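Below: the structure, in structure tokens.
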Amino acid sequence: MKTRIELISEDQPEEIVVRCYSITDEIQNMISFIENDKKIIGYKRGTAYPLKMSDIYYFEIVDQKAFIYCEKDIYESKMKLYEFEREADGTSFFRASKSLIINADKIDSIKPSLSGRFEVILLNKEKLIVSRQYVRVLKHMIGL
């Protein structure tokens, strides 16, 4: 694998571009390492907590309120779904339904469900449903 560093002027935004034939475990690990510093603010009982993106299992909208789900804890968020999706762009997160974004790195297993949907079981044993219109995205994210 070839590595190239390009110095730019300070008025240009910094970015990292990964060019690859497919997303291998090695590349996914590098991306996760690079993105490890990105944080999202979650709220619990009036206190703000900075949450690493890599610790988030999924982001969901329920009754017009946003929630961030980690391994054991649930936090409220002031972000809209599209804002979280924009923050998570280029990471292992993918849209799973109109109100749900899942971290593909936290998936333990997948099985087909009713009507072309898929059931995703996360590492913390929580079960989520991927809508049939997003199954193709799921398959792409995990390399099926």
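None of the figures in this text is laboratory data; all of them are computed from the coordinates on show. Bear in mind the structure is a predicted one, so any value in this text is a computation, not a measurement. Please note: Cβ atoms are built from the backbone with ideal geometry, for glycine as well, and neighbour counts cover all protein chains shown.
Peptide packing: for 46-53, 124-131, the average count of neighbouring Cβ atoms within 10 Å per residue gives the ranking 124-131, 46-53, highest mean first. Note on segment 88-108 and segment 2-26: Cα centroid distance 22 Å, given to the nearest whole angstrom.
Report summary: the helix-based calculation at 222 nm, which adds -39500 (n - 2.57) for every DSSP H run with n ≥ 4 and divides by the residues of the chain, gives -5000 deg cm²/dmol. Take the Cβ-Cβ distance between Ser113 and Glu6 as r, set R0 to 30 Å, and report the resulting FRET efficiency rounded to the nearest 0.05. After rounding, the FRET efficiency stands at 0.05.
For the chain, a/c is not less than 1.5, where a ≥ b ≥ c are the root eigenvalues of the C-alpha gyration tensor, and a/b does not top b/c. That puts it in the oblate class. Exceeding 20 Å between C-alpha atoms, which entries from my cross-link table qualify? They are Lys38/Lys127; Lys38/Lys65; Lys44/Lys72; Lys78/Lys98. Among Lys38/Lys127; Lys38/Lys65; Lys44/Lys72; Lys78/Lys98, the Cα-Cα distance tops 20 Å for Lys38/Lys127; Lys38/Lys65. Using the Cβ-Cβ distance between Glu76 and Lys98 with R0 set to 22 Å, the FRET efficiency works out to roughly 0.70. Here the spin labels are modelled as points 7 Å beyond Cα on the Cα-Cβ line, and at Tyr49 and Lys139 they lie 3.7 nm apart.
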